[in-house]
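Comments concern the structure below.
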Amino acid sequence: MTAAETSLMTQPIPIPQKNWALFLDMDGTLLDIADSPAEVIVPVGLLATLEVAEKWLDGALAIVSGRTLGELETLLSPLKLFLAAEHGAIFLAPETRLPRIVLAHPVPRHMATMIEAAIASWPGVFLEVKSYGVAVHFRHAPQRGEDVKALLEGLADGCRDFSVLPGRMVYELRHRQVNKGRAVAELMQRPPFSGRVPVFVGDDVTDEEGFREAERQNGIGLHVGEVFGGSPENVRRWLRCLRD
Ligand SMILES: [Mg+2]
């Protein structure tokens, strides 16, 4: 751990407990952030670490991410874990290959078309269309952040079911009721998660609802910045302790 990382840490790293239900964000938590979501690298050993941790927790480990189900399955292949994709709009349990859709409220097609038209003249800004949301990334055009936000907020204002979720160099338009807190609540109602202490690890604004739900259920929210010095490598090292 570098001195810079240590100086960022304002909360102690907790010792993992066997009675936890562990909810892990993907990008910026398990994986280092890349220039674009497609360019992330799954570090050697991460899948083995997750597999051992999942067994140690008797299966009570889930990935809760804004990514689509297909992307999560590809990144984690051949490992089969509980997945809550698109911020909890879609769930997949390891024992079944049938995704369960919680809230089937796709962003209306005309909204995606309007976004496409608006960003066509903004180089470096790109649209990612998911099943139940759209994300507009501006990592390569940070000066466009406010424009992207205003564009999506304008569309959300005209449709009370949708809201704008901020992320790292990205804004997303999605159904109001879809968030990581709901994903945690949903999973905590079922085995092997129910009856355990929820622990949510995330790095971003969209993870805050996950932290809040974990805390509401007498669990813990662990912010990668505050607890792990902003380093996914420190999260991965900590996860390697989840074993006998
Ligand atoms: Mg993240």
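What follows is calculated from the coordinates using simple rules that are stated; it is not laboratory data. These figures come from a predicted structure and were not determined experimentally. Every residue, glycine as well, gets a Cβ built from its backbone with ideal geometry; the counts of neighbours run over all protein chains shown.
Counting every pair of alpha carbons in the range 138-244, the share spaced more than 17 Å apart comes to 64 percent. With all projection directions averaged, the alpha carbon convex hull of the chain covers 13.1 nm². Among the GluC sites (Glu not before Pro) in the range 89-180, those placed in a DSSP loop whose Cβ has at most 15 other Cβ atoms within 10 Å are Glu95.
Of the residues Gly229, Gly181, Gly195, the one that moves most in a GNM of the chain with alpha-carbon contacts below 10 Å is Gly195.
Packing, taken as the mean count of other beta carbons within 10 Å per residue, orders the peptides 85-93, 183-191, 25-33, 47-55 from highest to lowest as 85-93, 25-33, 183-191, 47-55.
What the Cα atoms of the range 1-146 give is an Rg and a Dmax of 17.8, 52 Å. Stretching Thr10 away from Leu127 to a fully extended chain increases their span by 38.6 nm, per 0.36 nm per residue minus the current alpha-carbon distance. Note on the chain: with a GNM built from Cα contacts shorter than 10 Å, the maximum mean-square fluctuation among Arg212, Arg160, Arg174 falls on Arg160. Using the Cβ-Cβ distance between Thr113 and Val52 with R0 set to 45 Å, the FRET efficiency from 1/(1 + (r/R0)^6) comes to roughly 0.45.
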